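Values quoted throughout were computed directly from the atomic coordinates according to the rules given, and no laboratory measurement underlies them. Just so it is clear, the model here is predicted, and its values are computed rather than measured. Ideal geometry is used to build each Cβ from the backbone, glycine not excepted, and the neighbour counts take in all protein chains shown.
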Amino acid sequence: MKIVFISRFQEKVERGAENYVKELAPRLENLGNEVEILTSAWKLIGRRFDVIYPLNGYWQTLGCRFYAWLTGAKLVVGGHAGIGRDDRWNLYMFPDLYIAFSLKGFDWAKKVNPLVKIVKIPHGVNLEKFNPNVKPVDLDLEKPGFVTAANLVPYKRVEESVRAVAKLKKGSLLILGDGPLEKEIDELGNKLLGPNKFLRLKVPHSEMAKYLNACDVFTLVSEESEAFGLVYLEALGCNLPVVATDDSLRRELVGDAGLFIKNPENGNEYSCLLQETAQKNWKNSPRKQAEKFDWEKIAVRYLEEFKGL
């Protein structure tokens, strides 16, 4: 089977969608398929594929829809943007297959366009790359160490993690990421936490496990609009317990390997949950939860669905 992913920013940025393609494509190839990654739908001209999977929405999806009609290829799209306008557009393109990454996303997509074939397949995690045996970096931060990893944009609510850790008598916060709010986050972290208790770094995705393993608890309290959240699985793969937003998506991902908060703006409740998570002996429950999302298993499910088209 000839499969092509259209990923405009592949190798240019390291976001969830690009890492998703980076993990899935070679595994589909290892399962006996011809797989390519193109950065533009225009590069499809004059070529034929069995399955085409655009990741960037709107005009890209529209162009791929016409290509599929003309060549007989099957159009697959996934819910990378999350519940909202972008994925609604993708569903209105009548793909041959729409992949929802969570039960919440599946139910929403069914209501938007019940005429489209919709399946639920979660993202996967590379358990060889993200595991507790990766040697951690040496960070001069107070213990227990809390870590979050995110693009610093409003809906990630990273500032609430800063405020919650600042309410603890002991502990530090490591932020992995950058973005539009980095100046505001740095100012807040330095003001409320200060030296040895606050650090923000931008690290390559390939180095993430070293920093996760240097900490004790992972936390991210994004708004419910978040499409998935690969970083939760990566933290779980490193056997870190998680404190996350209390919604159906995060409960599906984290399971019994963490605690949940309904309102992260309640700093007292949030800080109490962080402390409780740090003090509890979670044994291997985070790692066991991550194993449910092993990319090796997930890739097989993708191939089964593609063949079914």
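Exactly which trypsin sites (Lys or Arg not before Pro) in segment 175-241 are in a DSSP loop and have at most 15 other Cβ atoms within 10 Å? Answer by residue number: Lys202. With each label modelled as a point 7 angstrom along the Cα→C-beta vector, the Val203-Glu184 pair spans 2.6 nm.
The dipole here belongs to the chain: it is taken about the Cα centre, uses +1 on the Cβ of Lys and Arg and -1 on the Cβ of Asp and Glu, and is about 400 debye.
Beyond 18 Å between alpha-carbons counts as too far, so tell me which of Lys210/Lys297; Lys120/Lys292; Lys191/Lys262 fall in that bin.
Values: Lys210/Lys297 25 Å; Lys120/Lys292 14 Å; Lys191/Lys262 26 Å.
Listed pairs above 18 Å: Lys210/Lys297; Lys191/Lys262.
Within the shell defined by Cβ-Cβ distances under 12 Å, the residues around Phe49 carry a net charge of +2, with Lys and Arg each +1 and Asp and Glu each -1. Relative contact order for the chain: 17 percent, from Cα pairs under 8 Å spaced at least 6 residues apart, divided by residue count. Of Trp282, Asn151, Ala299, which is farthest towards the positive pole of the chain's charge dipole, taken about the Cα centre with +1 and -1 on the beta-carbons of Lys, Arg and Asp, Glu respectively? Comparing the listed Cα positions along the dipole, Ala299 ranks first.
Projecting the Cα positions of Tyr98, Val112, Gly72 onto the charge dipole of segment 72-126 (unit charges on Cβ atoms of Lys, Arg, Asp and Glu, taken about the Cα centre) puts Val112 furthest along the positive direction.
Every helix of 4 or more DSSP H residues in the chain counts as -39500 (n - 2.57), and over all residues that averages to -11500 deg cm²/dmol at 222 nm.
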